[in-house]
Each structure stands twice: as C-alpha cells, then as structure tokens.
Amino acid sequence: MSLFLIKIGFLPISLWDVLDVLIVGYLFYQIYLLLRGSIAFNIVLGVLLFFSAGWLMKFLEMDLSSLIISQIANIGVITLIIIFQPEIRRFLLYLGQTTLHGRFDFINKFLNPTGTPSEENNAYIEEITHAIFRMKTRRWGALIVLGNKNNVDELAKSGQIINANISEELLLSIFNKESPLHDGAVLIHQNKIYATSCVLPISKNNSLPQNYGLRHRSGIGLTEVTNMSVIIVSEETGNVTFANSGKYRDINSPEELKELIRDVY
C-alpha cells in the first residue's frame, strides 16, 4: 500500500514520489557542481534546449521535425558519453570516494566520539602550520596534499615516494627554491610525508580568479575529483589558500589553518 501524503486533483503523491524527486534533484545538483564553469556545462545546456525543442515539436504535432530530432536522439546518448567521458569519470570517482569517506568518518566518530585529534596528530599539525607560515614569509611556493583518508597510490606514482616523518625543516627543505623536489606537490598520508613532486590535475573551472596560477589551479583541481584537501602557498604574493571539494578560501592566521587541518584529521 502506498503512503499518500497529499492529493492534487486526481494525482496522488506518495512518500516514494517525494523521495524520487529528491534523489534526482541531488544527482542533478552534483552534476551541476562538477560541470559549472566549464565548456561542458554550456554543451549540456545546449543539449537540454535541443531536447526541449523536440518535446515541443512532438506536442505541436510537427511530425517531420519531431522525427528528425528523435533519430538524432537515438545516437545522442552514445555521443554524450564520448564527449563527456572525463566528466563522467570524474563524477563516478567523486561519488565513490565520497561514499568511502563517509564510511571512514562514521568509524572514526565511533572510535573517537569527541573528534579530538591525538597528541601525535596535533604535533604534526603544528609542524605543517609552522612550515607553511615560514614559507609564506619567504614567499616560497608550496603545494601540500592532505590525503590521510584516501587511496593515494595513483597520485603517489606521479612523484617520488620518500615515506618520511613530518617535520617543519623537511618541508622547508623540499620547497626551497634551490631544491630539485620543490616542483609539484607534497603528499601527506598516514602521518608521513609519503611522496614529493606529485603531479595534480588542472582545474577546469573557468571562474577561478585571474591571479590564480598553475599552482592554485592544480591544487583546486585535485579537490574537484577527490576528497583530499590541499594547502597552497603563492610564490608571487605569499598568500595561503586552503582548498577542499573544489572550494577554496584564503587563510589569514596559523590558528585558522590548524583548525582546518584538524577537521581533516
């Protein structure tokens, strides 16, 4: 038996109808977040207008035009899969990692209901923060990926695996402008500096600020396709930026950065 909530004329609306609309709305919202600011978003709008025109022609009984559009629609799905293969891959990767991230969060909250980082984690947070703000003062460019809750094998393969203890001095030596390892990103995983010189994907978001260079675009790009967080230090201005889930914010104090890193832990 269906659970009816309301009736609009002869149309009954059940709880499952509402749930169905919410699920579809959520999926469309996630697709919008992944495509906004990119050329793909404009293509999707064009496709939607195309199918809307086809529906209107069918409604108006414009048989010839409707027939042509329906034939094009038969191959349209395959064409869209080919065109949007990177975006589809990015969406599925994001969806899968979000699910795994939620599972790990549930386990961590069960084992540590207060959400307080351990003393060891707090020590690492201090080391990372001190290094970041010393690089800010010196205007050394830096990219630090916090990947403690993620599968990082693919990202680590793009760089040099060192699996070293986290320390302020080691981070400074890596991002020293004279260091051969200063290009690329440092990957922090399981309380270790796991890899250096990692290559990150470039963001396809065309709405990023004009003054954001390759370092910012690659750092933000990684957060668009994974649940990892990235700390960015601008070589030109010394500004510190924290990026997560495709969003980014400027950091004005060490305490602000520590709080964001604690959220990751």
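Couple of notes before you dig in:
- Contour minus Cα-Cα distance for K192 and E169 (0.36 nm per residue): 6.9 nm
- q = 0.10, 0.15 Å⁻¹, the range 119-264: log10 I(q)/I(0) [Debye, one scatterer per Cα]: -0.28, -0.66
- Projected label distance in nm at F51 and R262, using a 7 Å step from Cα toward the beta-carbon: 4.7
- Residues L181 and L22, FRET efficiency given R0 of 51 Å [Cβ-Cβ distance, rounded to 0.05]: 0.60
- For the range 215-251, GluC sites (Glu not before Pro) meeting the loop criterion (DSSP other than H, G, I, E, B) and having at most 11 other Cβ atoms within 10 Å: E236.
- Highest mean first, the peptides 197-208, 131-142 sorted by other C-beta atoms within 10 Å per residue fall in the order 131-142, 197-208.
- Aspartates and glutamates whose Cα lies under 20 Å from that of K177, excluding same-chain neighbours fewer than 8 positions away: E127, E168, E169, E235, E236
Readers should treat all values here as calculations from the given coordinates under stated rules, not as data from a laboratory. Quick caveat: nothing in here was measured; it's all calculated off a predicted structure. All Cβ positions, glycine included, derive from the backbone under ideal geometry; neighbour counts span all protein chains shown.
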